[in-house]
1. What is the P(r) of segment 201-332, as percent of Cα-Cα pairs per 10 Å bin from 0?
2. State the answer as a single residue: which of ALA196, GLY299, SER82 lies farthest towards the positive end of the charge dipole of the chain, with beta carbon charges of +1 for Lys and Arg and -1 for Asp and Glu, about the Cα centre.
3. Local charge sum around GLU227 (other residues, Cβ-Cβ under 14 Å, Lys/Arg +1, Asp/Glu -1)?
4. Can you list the HN-Hα couplings for segment 68-77, worked out from phi with the Karplus curve (6.51, -1.76, 1.60; θ = phi - 60°), rounded to whole Hz and with x for Gly and Pro?
5. What does the helix-only formula give at 222 nm for the chain: each DSSP H stretch with n ≥ 4 adding -39500 (n - 2.57), the total divided by the residues, and the result rounded to the nearest 500 deg cm²/dmol?
6. Just name one of VAL8, ILE147, ILE316: the one whose Cα is farthest towards the positive end of the charge dipole of the chain (beta-carbon charges, Lys/Arg +1, Asp/Glu -1).
7. With springs only between Cα atoms under 10 Å apart, run a GNM on the chain and tell me which of GLN314, GLN139, GLN210 wobbles the most.
8. Around ILE316, with a cut-off of 13 angstrom between Cβ atoms, what is the net charge of the other residues, counting Lys and Arg +1 and Asp and Glu -1?
Amino acid sequence: MSLEVRGVSKLYGSVKALDNLSLTVPDGNFTCFLGPSGCGKTTLLRIIAGLESADSGQITLGMNDLSQTQPSERNFGVVFQSYSLFPNLSALKNVMYGLECRAWPKAKAKARAMEMLDLVHLADQADKLPSQMSGGQQQRVAIARAIAPQPSLLLLDEPLSALDAKVRAELRSEVRKIQQDIGITTIMVTHDQSEALEMADQIVVLRGGQVEQVGTARELYHHPRTEFVANFIGTINSLAVEPNDKGSLMFGSAPLVVPDSQGSIRKLGVRPEAVTISSSPAKTDNSLAGIAKTVRFLGNYNVVEVAPDCAPDQIISAELRGDLALPSEGDAVYVNFNSEQLRELQA
């Protein structure tokens, strides 16, 4: 069943956390709510879960209106950032707890709990207390507990953010595989673009309580509609442009070759990995002379920042991979990119 959010608003005093927000989460889909702190993503998740009430709007799951449905009656599994396990109960009994609250027979609840622990690769840890387990293992138990009652929707509130980087990276693929194996519709809140890019079928970028853009990871990365999305999903060079009286778009004092250029364009974006650096003009649509300001080694790639002569107050960054001859700071260079790599960016 797909989840529909229609015109949902939420105020906290004079602060508008959600502003007439609407979106669809398709059946069986893994959707990430992505955005900076204060954008409304956690508030929206809590309203979907029934832990907060909306001031206006409607939420439906399939044909069921959830607006007046109590949280305990929504049949949703929820996993929080803090593991929220009972410290005095074993992993097995933590997973069984929700089933017993739903009056499952003990033998059936135990069998289901063991099945879920096996799904998260913790069947051999069933008798351990949370204090005897790592953070990653505890979060696996929390996930097993959430999906054990066969919920119609799984809600994940930044479930990996309390873990160290290595464990977090490992759990991303595990959580995604579990979701795909059981086919449950899932919503995850995160501020980590890498998590969203790797895990989600659909990413909802939120800004100021509104939906900024919805799409797949590839759609948002390669075709961001706004500068905010472009900078939140990766990094981008923002080039301020102005049309001249001949209809060309000028980047400072230099005209840019832009496909299907329109006079209304005021800002263009190009990803750093689409930019190359050369010591002489390159055979690309756009090759701009400038001065290398910084050269940074970042392990598997290098970043070269160039102030173009045509617009010296704007910096263009290039991400260069491989064993390349790099300029030194202060060298005269050319930054090069093709017109098809440029994207119009709205404010």
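1. Cα pair-distance distribution for segment 201-332, in percent: 11, 36, 33, 17, 2.
2. The residue sitting farthest along the positive end of the dipole is SER82.
3. Counting the neighbours of GLU227, the net charge comes to +4.
4. 10, 8, 5, x, 5, 9, 8, 6, 10, x
5. One gets -7000 deg cm²/dmol as the mean residue ellipticity at 222 nm.
6. The residue sitting farthest along the positive end of the dipole is ILE147.
7. The residue with the greatest mean-square fluctuation here is GLN314.
8. With Lys, Arg at +1 and Asp, Glu at -1, the net is -3.
Read-outs: derived from the displayed coordinates by stated rules, not from any lab. None of the values given here were measured: they were computed from a predicted structure. Reconstructed Cβ throughout: ideal geometry from the backbone, glycine too, with neighbour counts over all protein chains shown.
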